[in-house]
Amino acid sequence: MNTTTVPTPQKPWETTNKQRLSTASIIFAAILISFIVIKLTGLDGKLGFLSTLFIVSTLLIFIQQWRLRDKAAAKDSLLSSFALLGMIMTVIPIVSIVYTVVIKGYKGIHFGMFINDMSLNSVNDPIKDGGLLHALVGTIIMVGGALVISFPIGVLTALYLTEIRGKLSRPIKFLVQAMSGVPSIVAGLFILSSLVYPVTKSLSGMMGSFALSILMIPTIARTSEEMLRLIPQELREAGVALGGTQWRTVAGVILPAARSGLVTAIILGMARIIGETAPLLLVSGGGDSLNFNPTSGAMGSLPYYIWKAFLTGGTDEAFARAWGGLLVLLAFIFILFGLARFISGRKGN
Amino acid sequence: MSTPNLVIPPPREITTKPRRSDQIFRGVVTVGGMASLVILGLIALFLSLKGIHILREEKFDFISGSKWEVITDDSGSIAESSFGIGAMLVGTLLCSIIAIAIGVPIAVLGALYLTFYAKGAVKNFLVSLVDLMAAFPSLLYGFWAFFIFMSSAEYWAKLLNKYFGFIPFFEVPAPIFERSPFIAGLVLAIMIIPIVTSISREIFDQTPLDRIQAAYALGASKLAMIRAVVIPFGRGGVIGGAMLGLGRAMGETVAVYTVLNVVYQINWQVLFGAGGNVASLILLKFGEAGPYEVDALMAAGLILFLLTLFVNAVADVLINRFGSKGR
């Protein structure tokens with residue numbers, strides 16, 4: 001009787017223990033050599049150490065690859081080292097920003113800040129006095145107003161690009177792209193020259209909404225266009241085949257199907273404009289007291305509150321106040337971003 | 001018994017003309033779709049309306065000149081004025097070129113890492129991190145840079161000056177390294193990295209899989225594959241992404257205003273603590289500007305608007321020519 005021997009399955013692509021050991025020893029050697037280099041040459045600081053570490057470890061890996069394999073593999077290892085370096089250099093600032101804001105900001109956070117405004121306080125008063133209620137209310141009103149203006153326009157633009165696909169699709173796509181590149185200060189100047197000086201002659205929250213909506217429309221239009229493109233063509237055909245007009249198909253089938261995508265577009269648009277500062281400095285007036293009326297009177301906002309505390313203060317209290325405001329702003333952005341991820345991820349998976 | 005009356009319905013008219021409701025729908029959507037055109041047109045129109053007389057008065061000096069002064073006589077009316085944004089245009093270019101020179105290589109390397117090296121959860125996490133970073137407001141970058149980043153950047157500037165000071169670019173007339181165009185350029189680089197990274201990543205993702213696999217099948221290493229397939233395919237798109245970043249960097253207001261020491265003079269020495277850009281000039285001068293000066297600021301805004309529009313147009317052409325179709 002013949003017995004066939006089944007060979008044990010091999011997985012040559014998996015890292016063996018030997019490879020792991022050599023990688024670990026290279027890292028260890030790199031750290032050791034960088035310490036020695038730093039001690040010998042008098043380079044100092046984190047930057048000196050990290051750059052030495054990078055150069056040494058890249059060189060060691062390069063040599064090892066050349067020894068074990070060949071020149072091509074060694075060059076290949078260079079690219080992977082540099083790609084990793086690029087990623088690390090991208091990530092360092094964001095980690096530093098979030099860390100800084102949290103560490104410096106939590107001192108400026110207290111319960112009273114959410115129920116008081118700054119009408120009776122200056123930025124240099126003790127932290128416990130005053131608060132940012134007026135700024136929160138102003139930001140919510142202005143962002144809400146911008147949303148009311150931008151959402152219909154953004155969605156109509158997206159519908160034009162996906163449903164009508166007229167001759168002008170290509171130019172309009174370009175114009176939306178160009179609009180997203182309009183500098184925020186130009187948006188402010190535009191509202192000043194077109195509405196504030198000729199028409200209302202006074203700064204107000206509504207003007208802030210108009211300026212913000214110029215920045216918000218392209219974000220909403222592009223995100224909803226992407227979302228509408230994800231709707232399968234079969235749904236459109238099914239809607240028309242059942243006798244629906246295009247209008248009924250869009251209103252009854254396409255938009256409901258894209259609902260979560262449109263909500264994502266709204267959220268990303270809000271995240272885009274919630275921290276905008278330059279246009280609000282020009283057109284919203286920047287008040288210090290609670291104002292619920294967007295049509296008249298100066299209206300505060302979170303970015304203005306932070307801006308004012310940083311620039312007009314100078315004491316530790318003012319800085320703590322500003323960092324606290326930044327922390328609140330950052331928290332808003334995190335929440336909006338998390339929501340967008342959650343909503344768009346829920347359907348996909 | 002009566003025979004049932006046969007009613008033959010008249011044949012329905014067959015037409016490709018949309019119904020009334022559809023006509024209204026298409027009209028409304030088309031009008032809405034034109035909004036971006038209308039808004040951009042209105043921006044150009046209103047800024048020109050306010051600023052055109054300044055441009056007409058100053059003629060070419062508005063772009064090349066580097067004076068910004070308003071002299072009022074005793075009664076408060078304007079006796080003499082001259083506006084020129086030359087110094088600020090130089091500053092704008094300087095800062096954004098530094099930003100591009102430093103930001104784009106890092107961003108492209110990062111995008112290569114995200115596309116071809118990172119896997120699974122790490123990749124997802126890093127992609128959302130980069131997206132989140134793109135949504136951070138410039139205010140946040142500005143103050144972080146002013147309080148945290150400035151000291152390290154100043155140290156790097158000193159190193160550059162020490163070892164490369166013989167190059168005229170890196171000279172300084174006085175040892176003031178704080179708040180220089182170099183540091184502002186670094187901050188702008190940090191701000192545009194997420195934008196350029198995500199565009200480059202999208203372009204790299206579109207590289208045809210069959211070409212990648214063909215390269216691997218021929219025995220290419222990752223480096224050889226990227227050089228032979230990904231770079232030729234994605235070059236135009238990446239350049240377009242860099243242009244988009246350039247547009248963003250040129251229009252940046254708050255971060256530059258916070259970091260840079262805005263001084264009204266032409267300064268080519270990137271490490272010296274004086275400079276400016278057009279957007280920060282507008283913000284700086286707006287507070288104390290009289291109606292006449294505001295018109296000049298509008299004209300400056302118009303120039304900035306046209307400049308960014310041009311850069312964005314080039315970026316768009318590049319991304320669409322090379323991005324979606326490949327070669």
Take the residues in region B:206-254 that are within 21 Å of B:Ile195 (Cα to Cα) and hydroxyl-bearing (Ser, Thr, Tyr); name whichever of them is surrounded by the fewest Cβ atoms within 10 Å (Cβ to Cβ).
B:Thr207
Taking only region A:109-128 into account, find how many residues are out of contact with any Leu (no Cβ under 7 Å at 6 or more places or on another chain) and either assigned by TED's automatic domain parsing to the domain that holds A:Phe292 or crowded, with 21+ Cβ neighbours inside 10 Å (or both).
2
Would you be able to say whether some residue in region A:195-211 is farther than 25 Å from B:Val278 by Cα and either at pLDDT 90 or above or outside the structural domain of A:Gly338 (by TED's automatic domain parsing) (or both)?
yes
Qualifying residue in region A:271-289 (condition: more than 30 Å from A:Leu136 (Cα to Cα) and among the small types (Gly, Ala, Ser)):
no
Checklist (1) over 26 Å from the mean Cα position of the chain (by Cα); (2) closer than 30 Å to B:Tyr141 by Cα; (3) surrounded by 18 or more Cβ atoms within 10 Å (Cβ to Cβ); (4) without any contact (Cβ under 8 Å) to a residue 40 or more places away in the chain applied to A:Asp316, failing item
(3)
(1) within 12 Å of chain A (Cβ to nearest Cβ); (2) of a type in the set (A, V, I, L, M, F, W, C); (3) within 24 Å of B:Arg248 (Cα to Cα) all hold for B:Ile100 apart from (1)
State the number of residues belonging to region B:110-146 that are closer than 23 Å to A:Leu47 by Cα, more than 7 Å from every other protein chain (Cβ to nearest Cβ) and crowded, with 20+ Cβ neighbours inside 10 Å.
3
Please work out which residue is surrounded by the fewest Cβ atoms within 10 Å (Cβ to Cβ), limiting yourself to region A:129-183 and to residues that are of a type in the set (Gly, Ala, Ser) and part of a loop (DSSP other than H, G, I, E, B).
A:Gly166
So which helices (runs of 4 or more DSSP H) are wholly in region B:1-92 and hold at least 3 residues that are touching a helix residue (DSSP H, G or I) at 6+ places or on another chain (Cβ under 9 Å) and within 11 Å of chain A (Cβ to nearest Cβ)?
B:20-33, B:35-58
Of all residues in region A:120-165, which are over 27 Å from A:Ser204 (Cα atoms) and either aliphatic (A, V, I, L, M) or in contact with a Cys (Cβ under 6 Å, 6 or more places away or on another chain) (or both)?
A:Ile127, A:Leu156, A:Ala158, A:Leu159, A:Leu161, A:Ile164
Out of A:Met179, A:Met113, A:Met118, sole residue that is at pLDDT below 90 and under 27 Å from the mean Cα position of the chain (by Cα)
A:Met113
Take the residues in region A:184-198 that are under 25 Å from the mean Cα position of the chain (by Cα) and of a type in the set (Gly, Ala, Ser), then tell me which one is surrounded by the most Cβ atoms within 10 Å (Cβ to Cβ).
A:Gly188
Only one of these conditions is not met by B:Phe149: (1) facing chain A (nearest Cβ under 10 Å); (2) buried (at least 23 other Cβ atoms within 10 Å of the Cβ); (3) not aliphatic (A, V, I, L, M). Which number is it?
(2)
Of everything in region A:262-288 that's modelled with pLDDT under 90 and away from every other protein chain (no Cβ under 14 Å), which residue is surrounded by the fewest Cβ atoms within 10 Å (Cβ to Cβ)?
A:Asp288
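Condition test on A:Lys167, is it among the charged types (D, E, K, R), closer than 19 Å to A:Thr315 by Cβ and within 12 Å of another protein chain (Cβ to nearest Cβ)?
On the way: among the charged types (D, E, K, R): yes; closer than 19 Å to A:Thr315 by Cβ: no; within 12 Å of another protein chain (Cβ to nearest Cβ): yes.
So A:Lys167 does not fit the description; no.
Pick out, from region A:1-107, the helices (runs of 4 or more DSSP H) lying fully within it that include 2 or more residues that are away from chain B (no Cβ under 13 Å) and aliphatic (A, V, I, L, M). It would help to see each step written out before you state the result.
Numbers: elements: A:17-41, A:45-68, A:71-105.
The helices (runs of 4 or more DSSP H) meeting that bar are A:17-41, A:45-68.
This table checks each residue for (1) assigned to a helix (DSSP H, G or I); (2) hydroxyl-bearing (Ser, Thr, Tyr); (3) touching an Asp or Glu at 6+ places or on another chain (Cβ under 7 Å); (4) closer than 19 Å to A:Leu215 by Cβ.
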{"residue": "A:Ala251", "(1), (2), (3), (4)": "yes, no, no, no"}
{"residue": "A:Ala271", "(1), (2), (3), (4)": "yes, no, no, yes"}
{"residue": "A:Glu276", "(1), (2), (3), (4)": "no, no, no, yes"}
{"residue": "A:Leu280", "(1), (2), (3), (4)": "yes, no, no, yes"}
{"residue": "A:Ser289", "(1), (2), (3), (4)": "no, yes, yes, no"}
{"residue": "A:Pro294", "(1), (2), (3), (4)": "no, no, no, yes"}
{"residue": "A:Ala309", "(1), (2), (3), (4)": "yes, no, no, no"}
{"residue": "A:Ala318", "(1), (2), (3), (4)": "yes, no, no, no"}
{"residue": "A:Ser344", "(1), (2), (3), (4)": "yes, yes, no, no"}
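If you go through region A:143-161 one residue at a time, how many are more than 9 Å from every other protein chain (Cβ to nearest Cβ) and under 15 Å from B:Ser36 (Cβ atoms)?
The qualifying residues number 3.
The values are calculated or read from the model by the stated rules, or taken from the named source; none is laboratory data. What you see is a predicted model, and the numbers here were worked out from it, not measured in a lab. So basically every Cβ, Gly included, is an ideal-geometry build from the backbone, and we count neighbours across all protein chains shown.
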